[in-house]
Each structure stands twice: as C-alpha cells, then as structure tokens.
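Asker: Here you go, one structure.
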Amino acid sequence: MAPTPAGNHRTRVHVVSDVHGNARDLARAGEGADALICLGDLVLFLDYADHSRGIFPDLFGVENADRIVALRTARRFQEAREFGARLWAGVGADRASVIEKAVRKQYAEMFAAFPTPTYATYGNVDMPPLWQEYAGPGTTVLDGERVEIGGWVFGFVGGGLRTPMRTPYEISDEEYAAKIEAVGEVDVLCTHIPPEVPELVYDTVARRFERGSRALLDAIRRTRPRYSLFGHVHQPLVRRMRIGATECVNVGHFAGTGTPWALEW
C-alpha cells in the first residue's frame with residue numbers, strides 16, 4: 001500500500017466487489033493505493049462462468065451445478081429450489097455446519113489477503129456474523145456507517161434485498177432504507193447493490209434484472225454524493241452513468257477481472 005497522504009498529496013483508493021474466491025488477485029488489489037474498499041460477496045457458492053468452482057460443485061458435482069444454473073438462468077426458481085432441496089436432503093441435518101465450514105475456509109483466505117487499510121461491507125451472499133472473527137486490525141467493517149478517507153466522507157451499506165434466490169444476506173426494503181438514511185450525506189456512497197435503474201440492474205449474461213434499491217436511488221437524487229459505487233450485477237447493460245450530480249459506477253466483477261476500480265482526488 002502507498003503511504004498515507006499528507007499536505008497536497010492526492011489520495012487514491014482501489015475499489016473491488018464480487019470477489020467470489022479470487023484471493024490471488026485480492027492480495028495485489030491495494031498496490032499503489034492509499035486504501036482498499038471492498039463492496040462484498042467474498043464467498044463463492046457457485047461460479048456461473050465455471051460451474052466447477054465453488055461450494056456447490058464441491059459438494060454435489062459439476063453436473064448438478066450445470067443443472068441448477070440452467071434452471072436459475074431460465075428463471076425456473078421453484079424448480080431450482082426443489083432440485084437443490086433434494087440434493088441437500090442427502091447432506092442431512094448437518095447442512096448448516098457443512099456450509100459454515102466451507103464459508104469459514106474461504107473467509108480465512110479472503111481476509112488474510114486484504115491489505116491495510118481495507119474498508120469493507122457485506123454482499124448478499126456473505127455471512128455477516130462470521131466477519132468479525134476474520135477481520136484483522138487493518139480491516140474496518142462498515143454497514144450503515146461512515147468513515148473519512150483522505151478528507152472525503154465515505155458511507156457504506158451492505159447486503160441485498162429479498163429475491164427468489166434467497167441468498168444469505170437479503171434484508172427487507174425497510175431495513176435497507178434505514179441504513180441508507182443512517183449514512184446521510186456523504187462524498188462517496190458505497191453499496192453492494194446498485195440503485196434501481198434498469199440499465200444498471202440488468203445482467204446481460206444471466207438475462208435478468210437483479211434487485212436494485214429505490215431508497216438508494218432516492219438518496220442519490222436527494223443528497224447528491226460525488227460518487228455512488230456498487231457491484232452485484234456481474235455483466236451490467238451499463239457500467240457507468242450520471243444521476244444528476246452523481247457519477248454512478250459499477251466497479252466490476254472482481255472474480256472475473258482481477259482488476260480494482262481506481263478513484264483519485
């Protein structure tokens with residue numbers, strides 16, 4: 001990491017999201033920056049580009065991973081849930097402990113790769129109760145909270161909204177809106193999910209609209225931050241657009257690109 005800026009020195013932060021198991025590139029993501037920001041989704045349950053990677057294929061094999069991806073992509077969510085339930089039934093009562101053990105293994109690797117300082121919030125596939133066990137002294141976890149970096153105020157809101165996918169950290173619209181409200185006016189608003197704008201929430205490969213936040217969109221229009229930074233949508237129709245005075249940026253699918261998005265001021 002670069003030394004902490006002083007005087008008239010410019011500040012540079014690198015931003016990543018949707019890391020999904022890419023610890024190798026994560027270890028280098030802070031090089032040349034004063035801080036790293038991570039917008040969540042450290043866990044890799046299932047890689048839609050490579051069905052052999054993730055907790056799901058490790059447990060149930062690639063053929064079953066192929067099947068569940070096909071069902072979800074076709075938006076046959078009920079069939080996907082029933083198919084998944086049959087597979088998990090074979091695991092028995094130990095399902096929760098099996099998942100937690102696999103997630104813990106990934107978290108140990110991911111958090112060890114974070115440089116100092118790192119500011120991070122949760123994604124929708126993350127398990128927040130485990131984060132404090134793995135976050136070292138150089139990693140600050142924020143959710144509905146603010147921090148100052150290089151004279152700018154950054155606000156962080158983690159998690160996703162409820163969907164048929166039923167990922168681990170989905171919350172109600174009301175709870176999410178309350179966290180947005182708690183952050184208030186900031187220079188940079190950092191979230192896992194995008195504002196609810198069709199061009200920003202449509203995934204061109206999965207061929208579906210992901211859930212964005214109306215409360216986030218309203219806050220952008222009302223408080224006019226310099227930037228709104230987010231991830232979640234891996235292959236968005238539009239990666240960047242302005243909403244009034246705010247530059248809205250999907251920082252990219254880090255698991256696939258291995259390259260952070262840079263912000264300098």
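The values are calculated or read from the model by the stated rules, or taken from the named source; none is laboratory data. Treat the numbers as computed from the prediction; the structure is a model and nothing was measured. With ideal geometry, Cβ positions are generated from the backbone for all residues, glycine too; neighbour counts draw on all protein chains shown. Quick note on the areas: whole protein, heavy atoms, side chains included, nothing else; ligands and nucleic acids left out. Shrake-Rupley method; radii C 1.70, N 1.55, O 1.52, S 1.80 Å.
Asker: Would you say residue 155 is buried (at least 19 other Cβ atoms within 10 Å of the Cβ), in contact with a Leu (Cβ under 6 Å, 6 or more places away or on another chain) and outside any helix (DSSP H, G or I)?
Answerer: Answer is yes for this residue.
Asker: When only residues in the range 207-234 that are out of contact with any Leu (no Cβ under 6 Å at 6 or more places or on another chain) and hydroxyl-bearing (Ser, Thr, Tyr) count, which is least open to solvent (accessible area, probe 1.4 Å)?
Answerer: 213
Each row is one residue, and each column tells you yes or no for (1) modelled with pLDDT of 95 or more; (2) over 20 Å from residue 168 (Cβ atoms); (3) basic (Lys, Arg).
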{"residue": "9", "(1), (2), (3)": "no, yes, no"}
{"residue": "18", "(1), (2), (3)": "yes, no, no"}
{"residue": "28", "(1), (2), (3)": "yes, yes, yes"}
{"residue": "31", "(1), (2), (3)": "yes, yes, no"}
{"residue": "34", "(1), (2), (3)": "yes, yes, no"}
{"residue": "40", "(1), (2), (3)": "yes, no, no"}
{"residue": "47", "(1), (2), (3)": "no, no, no"}
{"residue": "53", "(1), (2), (3)": "no, no, yes"}
{"residue": "60", "(1), (2), (3)": "no, no, no"}
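Asker: Could I ask something else about it? Just need a number here: residues in the range 56-89 that are open to solvent by 60 Å² or more (accessible area, probe 1.4 Å) and either touching a strand residue (DSSP E or B) at 6+ places or on another chain (Cβ under 8 Å) or hydroxyl-bearing (Ser, Thr, Tyr) (or both).
Answerer: Residues flagged as open to solvent by 60 Å² or more (accessible area, probe 1.4 Å) and either touching a strand residue (DSSP E or B) at 6+ places or on another chain (Cβ under 8 Å) or hydroxyl-bearing (Ser, Thr, Tyr) (or both) within the range 56-89 amount to 1.
Asker: Tell me which residues, restricted to the range 95-152, are aliphatic (A, V, I, L, M) and in a helix (DSSP H, G or I).
Answerer: 96, 98, 99, 102, 103, 108, 110, 112, 113, 130
Asker: Cβ contacts < 7 Å: first residue in contact (Cβ under 8 Å) with a residue 12 or more places away in the chain and within 13 Å of residue 207 (Cα to Cα), restricted to the range 64-77; second residue open to solvent by 50 Å² or more (accessible area, probe 1.4 Å) and part of a loop (DSSP other than H, G, I, E, B), any location; separation 6+ or different chain. Result?
Answerer: 69/48; 73/207
Asker: Go over the candidates 21, 92 one by one and state the one that is touching a Lys or Arg at 6+ places or on another chain (Cβ under 8 Å), open to solvent by less than 60 Å² (accessible area, probe 1.4 Å) and not polar (S, T, N, Q).
Answerer: Exactly one of 21, 92 is touching a Lys or Arg at 6+ places or on another chain (Cβ under 8 Å), open to solvent by less than 60 Å² (accessible area, probe 1.4 Å) and not polar (S, T, N, Q), namely 21.
Asker: List the pairs whose first member sits in the range 168-182 and is at negative phi, whose second member is open to solvent by 30 Å² or more (accessible area, probe 1.4 Å) and assigned to a strand (DSSP E or B), and whose Cβ atoms are under 9 Å apart, counting only residues at least 6 apart or on separate chains?
Answerer: 179/145; 182/145; 182/146
Asker: Taking only pairs six or more apart or across chains, which ones have beta-carbon atoms under 7 Å, a first residue in the range 16-34 that is within 17 Å of residue 233 (Cα to Cα), and a second residue that is among the polar types (S, T, N, Q)?
Answerer: 21/106
Asker: Moving on. Restricting the range 173-206 to residues that are over 14 Å from residue 143 (Cβ atoms) and among the hydroxyl-bearing types (Ser, Thr, Tyr), which is surrounded by the most Cβ atoms within 10 Å (Cβ to Cβ)?
Answerer: 202
Asker: Are there any pairs with C-beta distances below 8 angstrom linking a residue in the range 243-260 that is open to solvent by less than 30 Å² (accessible area, probe 1.4 Å) to a residue that is part of a strand (DSSP E or B) and β-branched (Val, Ile, Thr), with the two at least 6 apart or on different chains, and if so which?
Answerer: Final answer for the pair search is 251/15; 251/16; 252/16; 254/16.
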